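Novice: There's a structure below that I have some questions on.
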Amino acid sequence: MSDSDDEKESTVEQVVERLAGRFPEADRGRIAGIVSEEYDALDSGRIRTFIPTLVEKGAKTRLRREFAAEGSGAGA
């Protein structure tokens, strides 16, 4: 595993842990998938310092939308 793979795995695990606490109704695998997608979307950027923060923000937004839709009866 390369350093960038280790970095991604560590970041994804940390963000999943935080979001699992904020979205206990969400399947942990679903959260991990969303976080990985958000990470991959930002991974090609040159400035890597903010990737964990941006990944968490993007995943949190998607989870809020997804679970707000389910809660309103509108479906996903």
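Novice: Considering only residues of region 47-66 that are of a type in the set (D, E, K, R) and farther than 14 Å from Gln14 by Cα, which is farthest from the chain's Cα centre (by Cα)?
Specialist: Arg48
Novice: Those residues that are buried (at least 16 other Cβ atoms within 10 Å of the Cβ) and among the small types (Gly, Ala, Ser), I need them from region 26-54; list them, please.
Specialist: Ala26, Ala32, Ser36 - these are the residues of region 26-54 that are buried (at least 16 other Cβ atoms within 10 Å of the Cβ) and among the small types (Gly, Ala, Ser).
Novice: Can you find, within region 55-76, the residue that is nearest to Glu7 (Cα to Cα) among those that are surrounded by 16 or more Cβ atoms within 10 Å (Cβ to Cβ) and aliphatic (A, V, I, L, M)?
Specialist: Per the stated criteria, the residue is Val55.
Novice: Which residues, counting only those in region 17-46, are hydroxyl-bearing (Ser, Thr, Tyr) and either under 8 Å from the mean Cα position of the chain (by Cα) or on the phi > 0 side of the Ramachandran plot (or both)?
Specialist: Residues satisfying the conditions are Ser36, Tyr39.
Novice: Next question. When the residues of region 4-24 are narrowed to those that are modelled with pLDDT of 95 or more and among the acidic types (Asp, Glu), which ends up nearest to Arg48 (Cα to Cα)?
Specialist: Glu13
The values are calculated or read from the model by the stated rules, or taken from the named source; none is laboratory data. Nothing here was measured: the structure is a model prediction, and the numbers come from that model. Note that each Cβ is placed from the backbone with ideal geometry, even for glycine, and that neighbours are counted across all protein chains shown.
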